[in-house]
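Take a look at the structure set out below.
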Amino acid sequence: MNKARIAIIMGSLSDLKVVQPAIDLLKDFKVGFEVKILSAHRTPKELAQYVEAAPKKGIKVFIAAAGGAAALAGVVASHTALPVIGIPVETKSLKGLDSLLSTVQMPAGIPVATVAIGEGGVRNSALLALRILALSDKGILARLERYRKSQKSKILKIKVKI
Ligand code: RP5
């Protein structure tokens, strides 16, 4: 595995199955990443320590996934000036609306780029992280262009019989 440039943090091991499509996508792109379970509420000190130490290790972007009263992405953003992408994890009780609102409604000055609830949002979190890295990595940019064009040709090949 290449040196980690993306850190994926999730609030609980129960979030791993939700985040898996982002992990799979980053593996396909062969871009180094690391995965950490750390919670804004259950392990606040360890979370802050991890985020503050991450740039020295080469981390350039954070993806943070949490559900419910989802403070994780916002707290990560409060400890770094690097870009933070928030994944609102779908919940049983409120279908993830709780996670979405608590991830997206950040106060001015502490930005979190929040993706949609569900698998599309999870995949987009990885693609967005790759687009950020692509600003200074032509190899990733070329692979993203191929990915974008492959989606386009899939759509254009569809023939609807009516
Ligand atoms: C959040 O609470 C986690 O991110 C998870 O989505 C949710 C439930 O966590 P567990 O009770 O399954 O550990 O902090």
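Which residue out of LEU38, LEU72, LEU16, LEU47 is free of Cβ contacts under 8 Å to residues at least 24 places away in the same chain, touching a strand residue (DSSP E or B) at 6+ places or on another chain (Cβ under 9 Å) and within 16 Å of the ligand (Cβ to nearest atom)? The conditions single out LEU16.
The set of residues in the range 75-97 that are within 10 Å of the ligand (Cβ to nearest atom) and either at pLDDT below 95 or part of a helix (DSSP H, G or I) (or both) is empty. Residues considered: ALA53, ALA22. Of these, the only one that is away from the ligand (no atom under 14 Å from the Cβ), assigned to a helix (DSSP H, G or I) and surrounded by 14 or more Cβ atoms within 10 Å (Cβ to Cβ) is ALA22. Of all residues in the range 3-13, those satisfying the criterion of being more than 12 Å from the ligand (Cβ to nearest atom) and touching a residue at least 60 places away in the same chain (Cβ under 8 Å) are ARG5, ILE6. Taking the range 56-74 as the range and being part of a strand (DSSP E or B) and under 13 Å from the mean Cα position of the chain (by Cα) as the test, the residues that pass are VAL61, PHE62, ILE63, ALA64, ALA65, ALA66. Scanning the range 129-142 for residues that are surrounded by fewer than 17 Cβ atoms within 10 Å (Cβ to Cβ) and either in contact (Cβ under 8 Å) with a residue 12 or more places away in the chain or assigned to a helix (DSSP H, G or I) (or both) gives ARG131, LYS138, GLY139, LEU141, ALA142.
The values are calculated or read from the model by the stated rules, or taken from the named source; none is laboratory data. In this text the structure is predicted, and so the values were computed from the model without any measurement. Ideal geometry is used to build each Cβ from the backbone, glycine not excepted, and the neighbour counts take in all protein chains shown.
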